[in-house]
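Chemist: Can you read through this structure? Questions will come right after.
The values are calculated or read from the model by the stated rules, or taken from the named source; none is laboratory data. These numbers were taken from a predicted model, which means no experiment stands behind them. As a convention, Cβ positions derive from the backbone with ideal geometry for all residues, glycine included, and neighbour counts pool all protein chains shown.
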């Protein structure tokens with residue numbers, strides 16, 4: 001088992017719509033997708049974003065793309081036009097999620 005950041009095993013893309021953000025996580029291999037499907041839960045993502053995500057987190061599986069899509073409700077302080085936050089945009093949530101740390105079986109990690 002190795003303690004790694006999510007960016008070691010996945011890539012992300014994110015954006016915003018109103019007061020919510022959308023974070024897509026794509027596993028680097030089918031085996032890593034199955035691992036993330038079991039371990040990267042909506043609850044875990046909600047805990048990672050506890051300081052900014054005031055609403056629920058929904059997760060959608062997209063197995064044909066080896067991806068998980070998360071919707072973070074009430075995570076932008078009202079959205080870009082309604083908040084006093086200096087950069088209330090969901091584009092930063094993808095890279096932020098990639099900094100989450102996880103314990104991953106060594107056999108799933110890329111060879112170095």
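Chemist: Among 10, 27, 42, which is modelled with pLDDT of 95 or more, within 12 Å of the chain's Cα centre (by Cα) and closer than 19 Å to residue 76 by Cα?
Modeler: 42
Chemist: Can I ask one more? Scan the stretch 1-32 for residues that are more than 21 Å from residue 52 (Cα to Cα), in a strand (DSSP E or B) and in contact with a helix residue (DSSP H, G or I) (Cβ under 8 Å, 6 or more places away or on another chain) and jot them down. Let's see the steps before the verdict.
Modeler: Going residue by residue through the stretch 1-32, those that are more than 21 Å from residue 52 (Cα to Cα) are 1-4, 8-11, 26-32.
Narrowing the set further to residues that are in a strand (DSSP E or B) leaves 2-4, 10-11, 26-27.
Selection gives 2, 10, 26, 27.
Chemist: Under 7 Å between Cβ atoms, at least 6 apart or on separate chains: pull out the pairs that start in the stretch 63-87 with a residue that is surrounded by 12 or more Cβ atoms within 10 Å (Cβ to Cβ) and end on any residue that is at pLDDT below 55 and assigned to a loop (DSSP other than H, G, I, E, B).
Modeler: Between residues of the stretch 63-87 that are surrounded by 12 or more Cβ atoms within 10 Å (Cβ to Cβ) and residues that are at pLDDT below 55 and assigned to a loop (DSSP other than H, G, I, E, B), the close pairs are 76/83; 76/88; 77/83; 77/85; 77/88; 79/88; 80/88.
Chemist: Follow-up question, since we're still on this one. Taking the stretch 34-70 on its own, how many of its residues are out of contact with any helix residue (DSSP H, G or I) (no Cβ under 7 Å at 6 or more places or on another chain) and closer than 16 Å to residue 104 by Cα?
Modeler: Result for the stretch 34-70: 8.
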